[in-house]
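Peer 1: Sending over a structure as structure tokens; questions will come in a sec.
The values are calculated or read from the model by the stated rules, or taken from the named source; none is laboratory data. As the structure is a prediction and not an experimental result, all values here were calculated from the model. As a convention, Cβ positions derive from the backbone with ideal geometry for all residues, glycine included, and neighbour counts pool all protein chains shown.
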Amino acid sequence: MSQVFKRQLSASVKSCARNKPLKFSDLKSIQLREPITPTHRNFDVSPDHPLWAFFGNGSNSEHAYRTSDELDTTSRAWTMPELRRKSFDDLHKLWYIILKERNVIATERRLANAIDNVGTTALSDLDAKMGLSHKRIKQVLLERQTAYERAQTLTSDINEYLANFEQRYINAAEDEIASENDKLVRLQYAVFGIQPALEDYNLESDINQKFVEGISFIAKVKLGRHLAQNPNSSVQFPLNGVVEELPFLIRSVDQAVEEVSALRESGQSVLLDKIDVFPFVRNALGKVLEEFNQQSS
């Protein structure tokens with residue numbers, strides 16, 4: 001761009017600039033409103049605003065923090081056996097639900113100290129319970145990870161381990177069986193990929209040969225313990241394939257024994273061909289899951 005053209009642009013800008021003084025109307029005739037005192041009451045906040053999540057009672061909160069009377073002081077931390085029965089998705093959700101509540105409590109403690117300088121013992125106690133639940137969730141996940149890694153690296157020892165576990169389970173005392181059942185839940189996932197909760201099954205991808213082998217193992221150890229305690233039971237070994245083994249995965253032992261006995265008496269207990277096993281398991285678990293969802297709703 002030439003210097004001449006630049007000078008012309010500069011001159012045109014100056015010529016277009018305002019060169020007349022501004023004129024105002026009579027300022028004395030302007031009526032000013034009373035000043036509005038800044039307050040939160042001048043603003044309407046949507047009850048769906050996401051920041052309400054940082055208040056203990058959501059959009060119904062009347063104060064910046066809750067008193068001890070408004071807190072659930074009778075609650076307790078989640079126990080390890082309870083958490084071990086949860087799926088990975090449930091543990092993930094539970095972790096963030098607790099984390100969100102701990103953030104709320106931390107906010108309330110900070111506000112209580114800043115505004116009123118009051119005691120926050122109740123808030124601290126509740127946060128300690130939630131912190132303990134967080135630690136236990138991490139411990140459960142560590143147990144599963146350890147069990148999974150062992151199952152993957154010690155393939156040659158799995159059969160020996162399963163045989164030893166079967167004997168421990170069958171011979172466990174009454175006060176030990178709850179612990180053995182927890183171990184069985186972890187084992188069935190680590191070795192066979194069977195989720196702890198029925199609603200977490202993916203019927204298309206989870207049902208495979210390992211899954212079916214897991215059903216057989218679970219039925220074997222549970223029926224073995226039942227027969228050790230009830231030698232004259234109406235159901236004896238061997239079980240007739242997956243048709244008779246599946247009830248021990250989805251029912252209690254007593255219910256499974258009754259179901260197998262009814263199948264045998266009605267002639268419905270059949271040994272399936274290999275090609276029919278996966279469809280049968282998917283169909284049976286699908287029906288049980290549908291019943292579970294109907295009961296939940």
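Peer 1: Here is a check on your reading of the model: is Glu70 farther than 20 Å from Arg136 by Cα, of a type in the set (D, E, K, R) and surrounded by 11 or more Cβ atoms within 10 Å (Cβ to Cβ)?
Peer 2: yes
Peer 1: Considering only residues that are more than 18 Å from Ala64 (Cβ to Cβ) and either in contact with a Leu (Cβ under 7 Å, 6 or more places away or on another chain) or part of a helix (DSSP H, G or I) (or both), which ones fall in the stretch 87-120?
Peer 2: Phe88, Asp89, Asp90, Leu91, His92, Lys93, Leu94, Trp95, Tyr96, Ile97, Ile98, Leu99
Peer 1: A follow-up question, please. If you go through the stretch 269-291 one residue at a time, how many are touching a helix residue (DSSP H, G or I) at 6+ places or on another chain (Cβ under 8 Å) and either loosely packed, with under 14 Cβ neighbours inside 10 Å or not assigned by TED's automatic domain parsing to the domain that holds Asn202 (or both)?
Peer 2: 2
Peer 1: Given the residues Ser133, Ser46, Ser75, Ser124, which is the only one that is small (Gly, Ala, Ser), loosely packed, with under 13 Cβ neighbours inside 10 Å and in contact (Cβ under 8 Å) with a residue 40 or more places away in the chain?
Peer 2: Only one candidate passes the filter, namely Ser75.
Peer 1: Quick one: would you say Asp127 is of a type in the set (Asp, Glu), farther than 27 Å from Lys222 by Cβ and part of a helix (DSSP H, G or I)?
Peer 2: So Asp127 fits the description; yes.
Peer 1: Please specify each residue of the stretch 256-274 satisfying the condition of being in a helix (DSSP H, G or I), over 23 Å from Ile207 (Cα atoms) and not aliphatic (A, V, I, L, M).
Peer 2: Glu258, Ser261, Arg264, Glu265, Ser266
Peer 1: State yes or no: is Val281 out of contact with any strand residue (DSSP E or B) (no Cβ under 6 Å at 6 or more places or on another chain) and part of a helix (DSSP H, G or I)?
Peer 2: When the stated conditions are applied, Val281 passes them.
Peer 1: Name the single residue, out of those in the stretch 185-197 being assigned to a helix (DSSP H, G or I) and hydrophobic (A, V, I, L, M, F, W, C), that is surrounded by the fewest Cβ atoms within 10 Å (Cβ to Cβ).
Peer 2: Out of the qualifying residues, it is Val185.
Peer 1: May I pose another question? Any idea how many residues of the stretch 257-267 are in contact (Cβ under 8 Å) with a residue 24 or more places away in the chain and over 35 Å from the mean Cα position of the chain (by Cα)?
Peer 2: Of the residues in the stretch 257-267, 2 are in contact (Cβ under 8 Å) with a residue 24 or more places away in the chain and over 35 Å from the mean Cα position of the chain (by Cα).
Peer 1: Now for a separate question. Considering only residues that are in a helix (DSSP H, G or I), without any contact (Cβ under 8 Å) to a residue 12 or more places away in the chain and more than 31 Å from the chain's Cα centre (by Cα), which ones fall in the stretch 198-234?
Peer 2: Leu227, Gln229 - these are the residues of the stretch 198-234 that are in a helix (DSSP H, G or I), without any contact (Cβ under 8 Å) to a residue 12 or more places away in the chain and more than 31 Å from the chain's Cα centre (by Cα).
Peer 1: Can you tell me how many residues within the stretch 89-114 are exposed (fewer than 13 other Cβ atoms within 10 Å of the Cβ), touching a residue at least 12 places away in the same chain (Cβ under 8 Å) and farther than 19 Å from Asn57 by Cα?
Peer 2: The number of residues fulfilling the criteria is 1.
Peer 1: Condition check: more than 24 Å from Ala173 (Cα to Cα) and polar (S, T, N, Q). Does Ser266 satisfy that?
Peer 2: yes
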